[in-house]
Amino acid sequence: MRELKVGVVGLGWVAGAHIETYKSIAGVTVAGVHDCRPMDAAQLQARFGLPLHFYSDYAALLADPEIDIINICTPNKFHREQCVQAAQAGKHVFIEKPMALNYADAKAMRSAIHTAKVKACVGFECRFSKQFVMMKSLIDQGLLGELHYGEIDYYHGIGPWYGQIAWNVKKDCGGSALLSAGCHALDALLLAMDAPVVEVTSYGSKSSSVHFAGYEYDPCTVTILKFANGKIGKVAASIDCLQPYYFHVHLLGSAGSLLDNKIYSEKIAGTLKEKWSTLQTAMLDSGEVTDHPYKPQFQAFVDAIRNDTVMPLTDFDTAFETHRVIYAADRSAAEGRPVLLSEFA
């Protein structure tokens, strides 16, 4: 088995978690890095515990024939250019969420990836969490029946206590409450409801707290979704809340309901409708990237490359559909009207 070599672009907070994860994947080595801030070999060794080659020029990293995968961890506004160039260089691409800040950029990335026939994965690692694996298993086994309503909400205050705040507050980099972080919740709702979205309506607001004064966009939004088969849903995304991290899940079906890790199901004989039954699992309860389920996602990406198969759950095309809904929601909030997904054909 030939070793796969990774080049990581952007050495911020999330890059450290990615590099640590690659260390745990057999047959994969992080061999090179690129960042706008120069670092020597000793600094890289001390920080990441690996003998990494620093490429001061991104083009030189792409030109290295030994690099198989480009892992993009830069601020969001750079994703399009770096992804397109990587695909054109024949490299497989891992792109941190959000993939792009607008629909035109996402389409350009999709075109480059499809033309080059490379594998691409997007950083929706929460789909690989035990909580959402459990959620999908309950749905697939029919324990909730046919879903007709779902709400999945993301509450995570991103203020001055986070290193990324300097660029996250900028409209041309953070983008929106959904693009910055709430995309995880919307993506999880699409996973649960398993139906095309036809229309969205979204509204935005902003905390008056001094902690969040720097945001150039509404860091709190609520989005109502209408699905093709009559299902409906809701996603709240707040990155300006003062509370513990909370990933809220509530799904209603014809045979039962799921509330976070609590269930009632008519399919489970002997349970009481008046009381929830608790399912023990590992919950998504932290915004710390070191707590996120990168390993199963990265392993699946590597397996897809080696076996020339479609990346499960977080392949580019699946993530593209989630982003298409986000772009529609952001347009709705900006223009104060419902937006049809057909506007993003």
Single match in SER332, SER286 (criterion: in contact (Cβ under 8 Å) with a residue 40 or more places away in the chain, among the hydroxyl-bearing types (Ser, Thr, Tyr), farther than 30 Å from TRP161 by Cα and outside the structural domain of GLY27 (by TED's automatic domain parsing)): SER332
Odd one out for ILE326, checked against (1) under 30 Å from ASP218 (Cα atoms); (2) in contact with a Cys (Cβ under 8 Å, 6 or more places away or on another chain); (3) not basic (Lys, Arg); (4) not in a helix (DSSP H, G or I): (4)
Selection within the range 82-96 - touching a Phe, Trp or Tyr at 6+ places or on another chain (Cβ under 9 Å) and surrounded by fewer than 24 Cβ atoms within 10 Å (Cβ to Cβ): GLN82, GLN85
Scope the range 64-86; condition assigned to a helix (DSSP H, G or I) and in contact (Cβ under 8 Å) with a residue 12 or more places away in the chain; matching residues: ASN76, LYS77, PHE78, HIS79, ARG80, GLN82, CYS83, VAL84, GLN85, ALA86
Enumeration of residues in the range 290-314 that are under 18 Å from ILE70 (Cα atoms), of a type in the set (Asp, Glu) and in a helix (DSSP H, G or I): ASP303
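State yes or no: is LEU144 of a type in the set (A, V, I, L, M), surrounded by fewer than 24 Cβ atoms within 10 Å (Cβ to Cβ) and in contact (Cβ under 8 Å) with a residue 40 or more places away in the chain?
Taking the combined requirement at face value, the residue does not satisfy it.
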Filter pass, VAL222 being β-branched (Val, Ile, Thr) and touching a residue at least 40 places away in the same chain (Cβ under 8 Å): no
Sole exception among (1) in a loop (DSSP other than H, G, I, E, B); (2) of a type in the set (Gly, Ala, Ser); (3) more than 26 Å from the chain's Cα centre (by Cα) for ALA46, by number: (1)
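Take the range 22-34 and flag every residue that is part of a loop (DSSP other than H, G, I, E, B) and closer than 23 Å to VAL118 by Cβ. Quick ask: steps written out before the conclusion?
Here is the first cut: in the range 22-34, the ones part of a loop (DSSP other than H, G, I, E, B) are 24-27.
Once the filter is applied, which keeps residues that are part of a loop (DSSP other than H, G, I, E, B) and closer than 23 Å to VAL118 by Cβ, the range 22-34 yields ILE25, ALA26, GLY27.
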Candidates GLY163, GLY157, GLY145, filtered to the one that is of a type outside the set (Asp, Glu), assigned to a loop (DSSP other than H, G, I, E, B) and over 27 Å from LEU11 (Cα atoms): GLY145
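The values are calculated or read from the model by the stated rules, or taken from the named source; none is laboratory data. Computed from a predicted model, the values in this text were never measured in an experiment. Please note: Cβ atoms are built from the backbone with ideal geometry, for glycine as well, and neighbour counts cover all protein chains shown.
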